[in-house]
There are 2 protein chains.
Amino acid sequence: MPVLARQEDPPEADGCCTSLVSELLSASQAADLAHLMKALADPTRLRLVSLVAAHQNGQACVCELTDPIGLTQPTISHHLKVLVDAGILTRTQRGKWAYYAIAPARLNALAAVLTVSR
Amino acid sequence: MPVLARQEDPPEADGCCTSLVSELLSASQAADLAHLMKALADPTRLRLVSLVAAHQNGQACVCELTDPIGLTQPTISHHLKVLVDAGILTRTQRGKWAYYAIAPARLNALAAVLTVSR
């Protein structure tokens with residue numbers, strides 16, 4: 001079983017995720033989880049997620065993200081692609097611009113995997 | 001304010017952490033969080049955390065971790081050091097062996113940072 005449900009997985013898969021601390025991760029589960037965490041474990045990408053979430057309705061045009069981060073648009077677009085590929089952001093094309101939004105289920109599933117019940 | 005409280009921070013700091021999606025991360029908060037996430041974002045280290053947590057009382061001797069992971073003890077010790085330095089595991093020396101335990105507050109603080117309220 002994958003350690004984290006993808007956004008395109010059925011909704012009932014949401015609560016199913018293996019916790020890091022409640023059972024032993026298999027090598028392939030650990031590889032999947034490391035891949036997702038690496039997508040987030042970058043200062044620019046963390047700021048992009050935070051910036052998208054802070055926008056009205058939790059979505060932002062790529063044109064609104066370049067200035068606050070202070071990097072070129074191709075660099076920003078590369079980081080956004082990593083986040084979309086990891087399922088952390090979604091991307092919608094509207095006319096000339098791409099709009100990005102948070103995928104809450106994916107972030108919450110990752111949070112659930114890391115949570116240790118006391 | 002640091003985005004995540006360290007284990008040695010006072011307990012009241014536990015619930016204080018900036019959420020990734022509720023306010024804009026500063027560059028230094030993003031750098032701190034990326035550093036912590038990178039410490040975890042490795043398949044061997046994720047399996048080590050999972051293996052330590054699965055042990056009785058949530059702690060394990062380094063001598064019990066080498067065989068299940070299938071790497072040499074120096075390699076395992078390097079990965080354990082990264083996890084201890086990041087505050088994810090604690091290390092206690094008892095006679096000849098080092099014992100490792102999960103630091104639940106640190107993992108829970110990271111989970112809280114990633115949680116998106118719906």
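None of the figures in this text is laboratory data; all of them are computed from the coordinates on show. What you see is a predicted model, and the numbers here were worked out from it, not measured in a lab. A quick note on method: Cβ atoms are made from the backbone with ideal geometry, for glycine too, and the neighbour counts reach across all protein chains shown.
In peptide A:33-43, how many Cβ atoms from other protein chains are near each Cβ within 10 Å, on average?
6
What's the ranking of B:107-114, B:65-72 by average number of surrounding C-beta atoms within 10 Å, highest first?
With the highest mean Cβ count within 10 Å placed first, the list reads B:107-114, B:65-72.
In straight-distance terms, cross-link reach from B:Lys81 covers every one of the lysines whose alpha-carbon lies under 27 Å from its own, apart from those fewer than eight places away in the same chain; here that gives A:Lys38, B:Lys38, B:Lys96. With its label point defined 7 Å out from Cα along the Cα-to-Cβ axis, A:Ser28 lies at 4.5 nm from the matching points of the other copies, in increasing order. Selection among A:Pro74, A:Leu110, A:Asn57 by position relative to the dipole of segment A:34-118 gives A:Leu110 as farthest towards the positive end (Cβ unit charges, Cα centre). Calculated translational diffusion coefficient of segment A:14-107 (10 °C, 1.306 mPa s; Stokes-Einstein with Kirkwood radius over alpha-carbon pairs) equals 111 µm²/s.
Once the Cβ-Cβ distance between A:Glu23 and B:Ala101 is put in as r, and R0 is 22 Å, what FRET efficiency do you end up with, to the nearest 0.05? Intermediate results must be reported in sequence, preceding the final value.
Numbers: r = 18 Å, r/R0 = 0.80.
So the FRET efficiency works out to roughly 0.80.
Averaged over its residues, how many other protein chain Cβ atoms are within 10 Å of peptide A:54-61's Cβ atoms? Don't skip to the answer; put the middle values down first.
Details: counts 5, 1, 0, 0, 2, 0, 0, 0.
For this peptide, the per-residue mean of nearby foreign Cβ atoms is 1.
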